[in-house]
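Any read-out appearing in this document is the output of simple, stated calculations on the displayed coordinates, not a laboratory observation. Predicted model, so just to flag it, every value in this text is computed and none were measured. Cβ: placed from backbone, ideal geometry, glycine included. Neighbour counts: every protein chain shown.
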Amino acid sequence: MGVVDPRPLLAPLISFACAGLVFAAGRNAFWRRFWSLSAAAVKLALVLSMLPGTLRGVVYTFDVVAFTPGIGIAFRADAYGMFFALVSSTLWTLTTIYAIGYMRGEPDRSRFFGFFALCVSTTVGVAFAENLLTFFLFYETLTICTYPLVVHAETPEALRAGRVYLTYTLIGGGFVLLGSVMAFDAAGTLTLAQPGILPADAGGATLATIFAALIVGFGVKAAIMPLHGWLPLAMVAPTPVSALLHAVAVVKVGAFGVTRVIYNVFGVELLQDLGFATPLAWLAAFTILAGSAIALTQDHLKRRLAYSTISQLSYIVLGAALLTPFAATAAILHVAHQAFAKITMFFVVGAIQRTTGKTRVSELAGIGARMPWSMAAFTIAALSFVGVPLFAGFVTKWYLSLGALQAGAGVFVGVMLVSSLLNAAYWFPIVHLAYFRRADGGDEGVHEAPPLLLVPILICAAYVLLLGLTTQVPGMPFSVAQVAVERAFAVPAVVP
Amino acid sequence: MKGWALALVVVVAATLAIGVQGLPTHDAPEAPIHDHVGARYVERGVEETGMRNLVGAVLLNYRGFDTMVEVVVIFTALAAVLALPRAGSVADAPEALPVSPVVLFVVRLLAPFIALFAIALLFRGHVSPGGGFQAGALFGALFVALGLVLGRRGAARLVPERARPWLQAAAPLTFAAVAALGWALTGSFLGFPQAPELHAVREAMALALEVAIAVGGGVILGSLFQTMEA
Amino acid sequence: MAPFGVDLDYVAVAALFCIGLYMLVAKSNLLKKLLGLNVMETSVFAFIVTSGMVEGGDPPLLVAGAQPPFASPIPQAMVLTGIVVVVSVTAVALSLIVQIYAHYGTLEVDELKERP
Amino acid sequence: MSVAWEQLLPWAVALPFVGAALTPVLAARSPRWTGPWAWGVVLATVAVTVGLVAHVAEAGAFTYAIGGWSGAYGIELRFDRFAAWVLPLSLLFAVIVPFSWRYVVVSLEPARWGAFYALLLLVMGGMIGFSITGDLFNLFVFMEVTSLSSYALVAVGGRGVAAWAALKYLFLGAVASLLALLGTALLFVLTGSLNLADVAARLGPDVARGPVLIAFAALVTSFLVKAAVFPLHVWLPDAHAIAPSPVSAVLSGLVVKTGIVGLVRVVQLFHAADAVPLAGFHLALAWLGAVSIVMGAFLAIFQDDLKLMLAYSTISNVGYIVLGFGLAAPYAAVGASVHVVNHALIKTTLFLAAGALIHQTGFRTLSDLRGVARAMPQTAAVMAIGAVSIVGLPPTAGFLCKWYIALGAFEADRAPFGFALVFGALFIFVYYIRMVNALYFQAPVHARVAEATEVPWSMRAPLLLLAASCLVLGLLGGAPLAFVEPAVAGVLPVGGP
Amino acid sequence: MSDLFDAVMLALLLATALAVARARDLVAAVVLFSMYGLTLCLVWQHRGAPDVAITEAAVGAGVTTVLFLIAVARTRREERR
């Protein structure tokens, strides 16, 4: 059921306008904060206002301009897009509050918040893109807008990281463009509104090239190994940026792109016939394990988080590549689960860095006593990642395993298990250090993060818990994900 | 450097040698060049343009637009040279290049005749070889020669300062004026009226163009020379 | 003129073209290069004028006593235009050359390439 | 009452020429007024071209017989949808001329103001004439007006170095013109006609192939030199980098396009005549284009001089256009035609912005200009918008053109060119990122850069206008493509997309 | 007779052109170029193109030569090597 409605267009426009106003605000801190916060709130409200409709199965569409038949800029808020938009606009609100606290006293804050808003604008644009062209438009704009955030410090290290980031993502963008052009040539349309547009008779080599180009193109941002090289380096960015990069903006857009390619460009049926998804699934499995294994060896907190992200993202890719409804549910849900859990961790790490100046795992002894609330939030996120039942991560792993069995690939259940073990192996030492060791310098008393940092942390952690506990409650992300899966597979997903 | 230059020349020569093979023999009256457009000009040129010198007819009438652009090209050359930074200050330049007395004498002697010849070319151009361009070139050559004799300042006095920009622009401006007149009279840009009662107008238009080309061309050539010398 | 089936005029024109081209590319002196360019240009003019001629033809002057066949007037008009164009280009080129000499003190290309 | 716009066709050329002829006259009395005068002339020309484009949109291509001599017997002007690019062309002049006022006042002595503006008007008139004429020899003469004034404009700014760059440009340009004349002469000898359409009709199968091929090769080479397609680009970088910035904008954005227009006209002619193996030619053209894209971009990466970088980028952008025509696929050709205008606009924006930076700081290399964005935020923003546009990121117009060209590559089953195009775009991205990086994210090394002030309004207003146009042209989206489509469909073996 | 005249003229044309190419002294080269132009002008006069001949004599051989001579006078006379 399609309804023409400007809201899918307005959602990215709000952040875009906000960026303009923030730039215009210049050094005036009040207006900068005012615009950032109010735009975040308005946008969240706007996206939420579409939620009831989406749950009823309504799809909001809005065509902006059609250059020629089949090529144009158009927006469409389907269930999956709504899911992603909800995650990103919620987190934008939280991250904005956090960033206002975190960035206090930093130079060039207007530039920072302006591009921050632009990033979110493009992320929502990606979520609501009706066709691959619009998708590509925002995908590339996102690259441009994150660059100033990555190099914000303007140190040689930051500039180098920015260069690497650009090199990777731009080449990825090139592949996306290539795949899009070829897909248009083969299909005559680029719409993402159908379960697959490519005709089966387009020729095996052509289809393989399109698949490879698009997966590589999106895989760069999704940090599928071996395309992940930029991500650990990009850690030089200020922590709110890392949080945003890892949780919603960049990597998630890549993963979102991969799933769009699988469900909407190729379609499940065609991919099952072609068998292209199997190697992708293996690659994802490899990334899950290798990412975790490397994370285990990292002492620098943010780098450990980075490799964890690489690993976690491939859950989404794996879920999509398994081509079964359960796996798809897991993939979509993990978009939210990983986002909230990971952003919690980043917020905490940032808070630790701001409050105590510590950046390494080995320095964290006794931190649990000093920052009890923050570390509690961290622990919740860690438990979620490990996949302890009742936490959000468990839901993902459960459905992913079901999906793997559904697909007749039980080996991936093993991958899940090993990955959980590895997750435990690199998160629990931190928790252990924080709570059960004394700091070398003796007890320094409670020294919690300032409220502007703490409040978002706690909200995010609470949400992680909520996601795990309320799976069956209507209106929560799970139900949205189910609507999305039903559309992709054209069958009602069975709730076990 | 020399090596590849030679190679390039050999390649071009070979190409031209092959190309020349297929060309129509140039002296043959049945060559395409003589039968299509050319034939019509020979047949009806005099009647259509009122000029017995068909080269002039083509230049001023049939392909007058080319000629208009061409006078713009000379004007462009002048603007180009004037726009360049001066090589040195005027004070450094010698008043005139050293010239032998014999040359000076010959130039003085010939100058009036060159002028006369140029004027003859100009006004007899429609019936005999010659016309605006040739006259202009001769005027230009005359300016150059006089410049050698009279020195820069002397030559500069030949064309009054205030009139000079107008004279330099004379050819393009006259062309535009004639084109506009033709537009008004015949409805087409640069059209020459063909009605018998307007023959006098047609001839006046052609003459105006010839004179403008001669004067404008001559002045510009002379100015080019002076600017270069300065 | 075409003894042995070879059109000598065209051959001469092609030869002139090549001589000019050689001067343009092989000579290092800017003025010689410019002379070469002029030789090339005139060779093309010669080609155009020659192509418009006709065996035993008169100039295209339709005065009393003139007999057909006539040489074609179009090539001649083209060349008249062309000559003026070439002299314009030459004048500009010479002005530039004078400037270059005033600044660098040389007209040899290989020396100019070494200067900043 | 409807205005007979087609009657104004010759005036689109005559107006700038008359204006140019009167400029030195005016300059002799009052040099200060030459700039406004030139602007007035440009605006009048814009008005005429607007009418012409409106007419062509309504009534289709039309011809105008100069002096009433129709067909091959005189000179025929022809205005089609492809020639409609004279409207954006004159519009760009309407922006460049006011931008140049400040430059002229600061850098040239009053005695040269008149000649400078006369040359600008002559370039414009020459290009308009070149684009609208339907006669081979007339094409050559207009080409000479354009070229000759371009040579001089390169040398206007400086003494020795500029003169040397201009002379190199002149030598190659003169050889190119000579080749065009040779090709014209050969075609004339073979057919007895100079009218493009008439020549095409008369190049029947009984005409000897050898000379036809040489004529074709001479004309094509000539226009490839003028368009600065690699490896015939050697004259371009120095000339475009050394010229004063308003002139660089004219040369890089507009004058190289005469080569493209000429190429299109020649291909139109020979396609109609069916006299040469165009399939092989198109393939060669596509290769040249692809190599130009990659080499131009590659060389640009290593430039530190801002304007030199922009000059190399012109080579690679011309490569896109040539590739687009070489693919001989409707999509690609439409994309290439629009990219002619598109690149003109963007490159003008970039060169003028670069000029503004250089004008205010006195530095011209990226390493010297570091961090200038803090002192000159508006100019730097214009530069950044230009960069985004030229890279071809959506939603700028550059994107759509490249998209169409790439689509054409796949449509013509020439996927490797599609790959070359996409990854050439990445190269381009690299050096523009380098540029933006230096302007925005590095600390100033010179006090003069850190303390620079924004350009005066006479320069800033044109810059902002251009930047806005870059964005608007993108939002227009498919309209320009749809506009030229009928013109391009006629050049190609197959129908439009 | 006419053929002979033409042949001689063509030979002279080629000879002067080669001489221009070979001359080291730039003044000599320019003067030879002027001769080349005049020869060309004779050919054209003889072959039915008097208009072109006059123009070539005045512009090609005349004005161009003088412009070249001025340029030589303002730069240097000898070609290097």
Query raised in the report: So which aspartates and glutamates can C:Lys113 reach, going by Cα to Cα under 15 Å and dropping same-chain residues fewer than 8 places off?
Result: D:Asp238
Query raised in the report: What percent do you get for the relative contact order of chain A when only Cα pairs under 8 Å and 6+ apart count?
Result: 15
Report summary line: Any lysines whose Cα falls less than 25 Å from that of A:Lys252, other than same-chain ones fewer than 8 residues away, would be A:Lys43, A:Lys221, A:Lys302, A:Lys342, A:Lys397
Query raised in the report: Do the sum for the protein assembly as shown: with -39,500 (n - 2.57) for every DSSP H run of n ≥ 4, divided by all residues, what is the mean residue ellipticity at 222 nm, to the nearest 500 deg cm²/dmol?
Result: -24500 deg cm²/dmol
Requested in this report: Taking the convex hull of the Cα atoms, report for the stretch A:276-496 its projected area averaged over all directions, in nm².
Outcome: 11.8
Query - Förster-model FRET efficiency, 51 Å R0, B:Glu47 and A:Val3, C-beta, rounded to 0.05 - result: 0.10
Report summary line: log10 I(q)/I(0) for the stretch D:312-400, Debye formula on C-alpha points only (no solvent), q = 0.11, 0.21, 0.24 Å⁻¹, two decimals, reads -0.37, -0.96, -1.13
Report summary line: Cα-based Rg and Dmax for the stretch D:1-134, in Å, come out at 16.0, 49
Query - Taking the stretch A:1-274 and dividing mean pair separation by its residue count, relative contact order in percent (alpha carbons under 8 Å, at least six apart) - result: 19
Query - Integer Hz, Karplus 6.51/-1.76/1.60 couplings in order for the stretch E:54-70, x for Gly and Pro - result: 5, 4, 4, 4, 6, 8, x, 7, x, 4, 4, 4, 5, 4, 4, 5, 4
Report summary line: The farthest towards the positive end of the charge dipole of the stretch E:2-74, of the residues E:Leu32, E:Leu10, E:Ala57, given +1 on Cβ of Lys and Arg and -1 on Cβ of Asp and Glu, is E:Leu32
Requested in this report: For chain D, find the longest principal axis of its Cα atoms and tell me its angle to the long axis of helix D:457-476, 0 to 90°, nearest 10.
Outcome: 50
**Report entry** Interchain or long-range residues, amide H under 5 Å from A:Arg76's placed H
**Finding:** A:Phe62, A:Ala129, A:Glu130
**Report entry** Kirkwood estimate for chain A, i.e. one over the average of 1/r between Cα atoms, Å
**Finding:** 22.3
Query raised in the report: Quick one: helix A:451-469 against the long Cα principal axis of chain A, what's the angle to the nearest 10°, folded into 0 to 90?
Result: 50
Query - Using θ = phi - 60° and Karplus 6.51 cos²θ - 1.76 cosθ + 1.60, couplings along the stretch C:60-71 (whole Hz; Gly, Pro as x) - result: x, 10, 8, 9, 4, x, 7, 10, x, x, 10, 5
Query raised in the report: How large is ³J(HN,Hα) for each residue in the stretch D:50-62, as worked out from phi by the Karplus curve 6.51 cos²θ - 1.76 cosθ + 1.60 (θ = phi - 60°), to whole Hz, x for Gly and Pro?
Result: 4, x, 5, 5, 4, 5, 5, 5, 8, 10, x, 4, 9
Query raised in the report: Beyond 18 Å, what share of the Cα-Cα pairs of chain E remains, rounded to the nearest whole percent?
Result: 47
Report summary line: Between the residues B:Ala17, B:Leu190, B:Phe225, the Cα farthest towards the positive end of the dipole of chain B, that dipole coming from +1 and -1 charges on the beta-carbon of Lys, Arg, Asp and Glu, is from B:Phe225
Requested in this report: Return the whole-Å distance between the Cα centroid of the stretch D:296-328 and the Cα centroid of the stretch E:34-48.
Outcome: 46
Query raised in the report: From the residues D:Val106, D:Leu8, D:Trp85, which one has its Cα farthest along the dipole of the stretch D:1-134 in the positive direction, the dipole being from +1 and -1 charges on Cβ of Lys/Arg and Asp/Glu about the Cα centre?
Result: D:Val106
Query raised in the report: What is the Cα radius of gyration of the stretch A:147-279 over 2.2 N^0.38 Å, N being its residue count?
Result: 1.17
Requested in this report: Find the all-direction average of the projected area of the Cα convex hull for the stretch D:117-178, expressing the result in square nanometres with one decimal place.
Outcome: 4.0
Query - Under-5 Å amide H pairs with D:Asp305, H placed in peptide plane, nonlocal only - result: D:Leu366
Query raised in the report: How far, in degrees from 0 to 90, does helix A:277-297 lean away from the longest principal axis of the Cα atoms of chain A, to the nearest 10?
Result: 10
Query raised in the report: Which order, highest average first, do D:159-167, D:115-123, A:12-20 follow once you tally other Cβ atoms within 10 Å for each residue and take the mean per peptide?
Result: D:115-123, D:159-167, A:12-20
**Report entry** Sorted by Cβ density within 10 Å, fewest first, the residues D:Thr34, D:Thr45, B:Thr15
**Finding:** B:Thr15, D:Thr34, D:Thr45
Query - Neighbour-count order for D:Val234, D:Val145, fewest beta carbons within 10 angstrom listed first - result: D:Val234, D:Val145
**Report entry** Within the protein assembly as shown: Cβ-based charge dipole about Cα centre, in debye rounded to nearest 20 (Lys, Arg +1; Asp, Glu -1)
**Finding:** 4340
Query raised in the report: Gap in Å between the Cα centre of the stretch A:76-134 and the Cα centre of the stretch A:282-299?
Result: 28
Query raised in the report: What percentage of all Cα-Cα pairs in the stretch C:51-116 are separated by more than 17 Å?
Result: 63
Query raised in the report: Which order do A:His228, D:His55, D:His271, B:His199 fall in if you start with the one that has the fewest other Cβ atoms within 10 Å?
Result: B:His199, D:His271, D:His55, A:His228
Report summary line: In Å, the Kirkwood estimate of hydrodynamic radius for the stretch B:52-229 over Cα pairs equals 17.4
Requested in this report: Would you work out the charge dipole size for the stretch A:276-496 about its Cα centre, treating the Cβ of every Lys and Arg as +1 and the Cβ of every Asp and Glu as -1, and quote it to the nearest 20 debye?
Outcome: 200
Query raised in the report: Which percentage, to the nearest 5, of the DSSP beta bridges contained in the protein assembly as shown is antiparallel?
Result: 85
Query raised in the report: Using 7 Å Cα-to-Cβ label points, what is the A:Glu106/A:His447 separation (nm, one decimal)?
Result: 2.2
**Report entry** Two-decimal log10 I(q)/I(0) for chain D, as the Debye equation yields it once each C-alpha is a single scatterer, q = 0.05, 0.11 Å⁻¹
**Finding:** -0.17, -0.86
Requested in this report: Whole Å is fine, so just give me how far the alpha carbon centre of the stretch C:59-89 lies from that of the stretch D:446-477.
Outcome: 53
Report task. Quick one: work out Rg over Rh on the C-alpha atoms of the protein assembly as shown, Rh as Kirkwood radius. Result -> 1.07
Report summary line: Quick numbers on the stretch D:279-497, Rg and Dmax over C-alpha atoms in Å, give 18.0, 60
Query raised in the report: Considering the stretch C:3-114, what Rg and Dmax in Å follow from its alpha-carbon atoms?
Result: 18.9, 64
**Report entry** Sequence-distant residues sharing a close amide H with A:Val59 (under 5 Å, placed H)
**Finding:** A:Gly2, A:Val3
